[in-house]
Amino acid sequence: MADEANHHGCPVETTLAVIGGKWKAVLVFHMTRGGAQRFAELRRKTPGISERVLAKQLRELEADGIVERRVFAEVPPRVEYSLTEYGTTLRPVTEAMCAWGLRHRETGAA
């Protein structure tokens, strides 16, 4: 296993390459809890994120097969973002991050 980790890099690096950074895991978490959501909903649930950054993060998650962007043929057009089946496999990861974050807050260190 150690030899494999050296050859391919640490598996945590692989995970962080997909959901790392300040916002991706947060967006995935919101989608695991709320299902398909519109851009404005995600922005409202993610205070501090700009429209530009949100759009970029969603595009990257879509490119990695984590998020699906669905456009409805309506006037005005409606776009929803949801986790793909593959993206739902991240639920235990974001749930563990949530639980750890809550415990960390309780220590007063946050």
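Some points to look at:
- Label-to-label distance, Arg59 versus Ala36, with points set 7 angstrom from Cα along the beta-carbon direction: 2.3 nm.
- Loop sites in the range 1-105: chymotrypsin sites (Phe, Trp or Tyr not before Pro), DSSP, at most 12 other Cβ within 10 Å: Tyr86
- Karplus-derived 3J(HN,Hα) values for the range 76-88, using 6.51 cos²θ - 1.76 cosθ + 1.60 with θ = phi - 60°, are x, x, 10, 10, 10, 10, 8, 6, 6, 4, 5, x, 5 Hz; glycine and proline are entered as x.
- Cα gyration tensor shape of the chain, rounded if a/c is under 1.5, else prolate or oblate by comparing a/b with b/c: oblate
- Extension gain from Arg69 to Thr14, taking 0.36 nm per residue of separation minus the Cα-Cα distance: 17.5 nm
- The simple spin-label model puts a point 7 Å past each Cα toward its Cβ; for Tyr86 and Thr107 those points are separated by 3.5 nm.
- Within-10-Å neighbourhood charge of Leu83 [Cβ basis; K, R +1; D, E -1]: -1
- Debye, to nearest 20: dipole size of the chain, +1 on Lys, Arg Cβ, -1 on Asp, Glu Cβ: 640 debye
- Once all protein chains are placed together, Glu95 keeps about 50 Å² accessible to a 1.4 angstrom probe.
The values are calculated or read from the model by the stated rules, or taken from the named source; none is laboratory data. Keep in mind it's a predicted model, so treat the numbers as computed, not measured. Reconstructed Cβ throughout: ideal geometry from the backbone, glycine too, with neighbour counts over all protein chains shown. Side chains are part of the model used for accessible areas, which takes the heavy atoms of the whole protein and leaves out ligands, DNA and RNA. Shrake-Rupley method; radii C 1.70, N 1.55, O 1.52, S 1.80 Å.
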